[in-house]
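Worksheet for the structure shown next.
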Amino acid sequence: VSVVGNVGSGKTTVSRLICEQLRFHYVHGDRPSKAYLDDLFNEPSRWAFECQIAFLADKVAAIRAGLISGADFLVDRSVYEDIGVFAKLFYERKSLDGRGYATYSEVASLLTTGLPPPSVILYCQSSPTECGRRLTERGRRGFEVAYTDTYLTHLDTIYGEWVSGFDMCPVYTLDTDDLD
């Protein structure tokens, strides 16, 4: 199972509740890569490619480890979301140029070849306004000050496009504006 959605949409809360109720193993495969986030938001053109590669490699490794274990597991932020949403966001914001985006896409394709898609994706859909409110309420940490209304709105648009075109498994949308 993969849980996806905008920053502040409730992904982690939903993920942890599902894992607790169904006794799934929780996979949040980008922990070691979080060291990149401050650098990324301070100098996106310098760090976007390297950061995206680090997140991709880390997430694929975590998924492969989960598959090898044979346990049921849930991934908080899908590897396909990293590819189809965040890499695209950095490309559209000109932090990744065309060559870097093409190279990233090729590496992503190589790393995900043979990787089974999730059984299901749960899309936590929340308005950019609500996401921003939640970020402010919980106290924005370090790099999260870069999550402006414009950023969250752009991300929301890309999520809508990505979810509507994703066909590797069923996608269920949870309206997390009202479910907090």
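The values are calculated or read from the model by the stated rules, or taken from the named source; none is laboratory data. This one's a predicted model, so the numbers in the text were calculated from it and none came from an experiment. Here the Cβ is made from the backbone with ideal geometry for all residues, glycine too, and neighbour counts use every protein chain on show. These area figures cover heavy atoms from the full protein model, side chains too; ligands, DNA and RNA do not enter into them. Shrake-Rupley method; radii C 1.70, N 1.55, O 1.52, S 1.80 Å.
Some observations on this one:
- Filtering segment 170-177 for residues that are crowded, with 17+ Cβ neighbours inside 10 Å, touching a Leu at 6+ places or on another chain (Cβ under 8 Å) and assigned to a loop (DSSP other than H, G, I, E, B) leaves an empty set.
- Qualifying positions in segment 140-157 - in contact (Cβ under 8 Å) with a residue 40 or more places away in the chain and crowded, with 17+ Cβ neighbours inside 10 Å: TYR147, LEU152, LEU155, ASP156
- Residue ID - modelled with the lowest pLDDT, chosen from residues in segment 7-51 that are closer than 23 Å to ASP149 by Cα and of a type in the set (Ser, Thr, Tyr): TYR36
- Residues that are within 17 Å of VAL3 (Cα to Cα) and among the acidic types (Asp, Glu), drawn from segment 148-177: ASP156, GLU161, ASP167, ASP175, ASP177
- Qualifying position, being in contact (Cβ under 8 Å) with a residue 12 or more places away in the chain and of a type outside the set (Lys, Arg), among ALA35, ALA102, ALA48: ALA48
- Matching entry among GLU161, GLU106, GLU81, GLU137 (being among the acidic types (Asp, Glu), at pLDDT below 90 and either open to solvent by less than 30 Å² (accessible area, probe 1.4 Å) or part of a helix (DSSP H, G or I) (or both)): GLU137
- Within segment 54-73, the set of residues being crowded, with 17+ Cβ neighbours inside 10 Å, more than 13 Å from the chain's Cα centre (by Cα) and not small (Gly, Ala, Ser) comprises ILE63, PHE73.
- Some residue of segment 112-120 being open to solvent by 40 Å² or more (accessible area, probe 1.4 Å) and part of a helix (DSSP H, G or I): no
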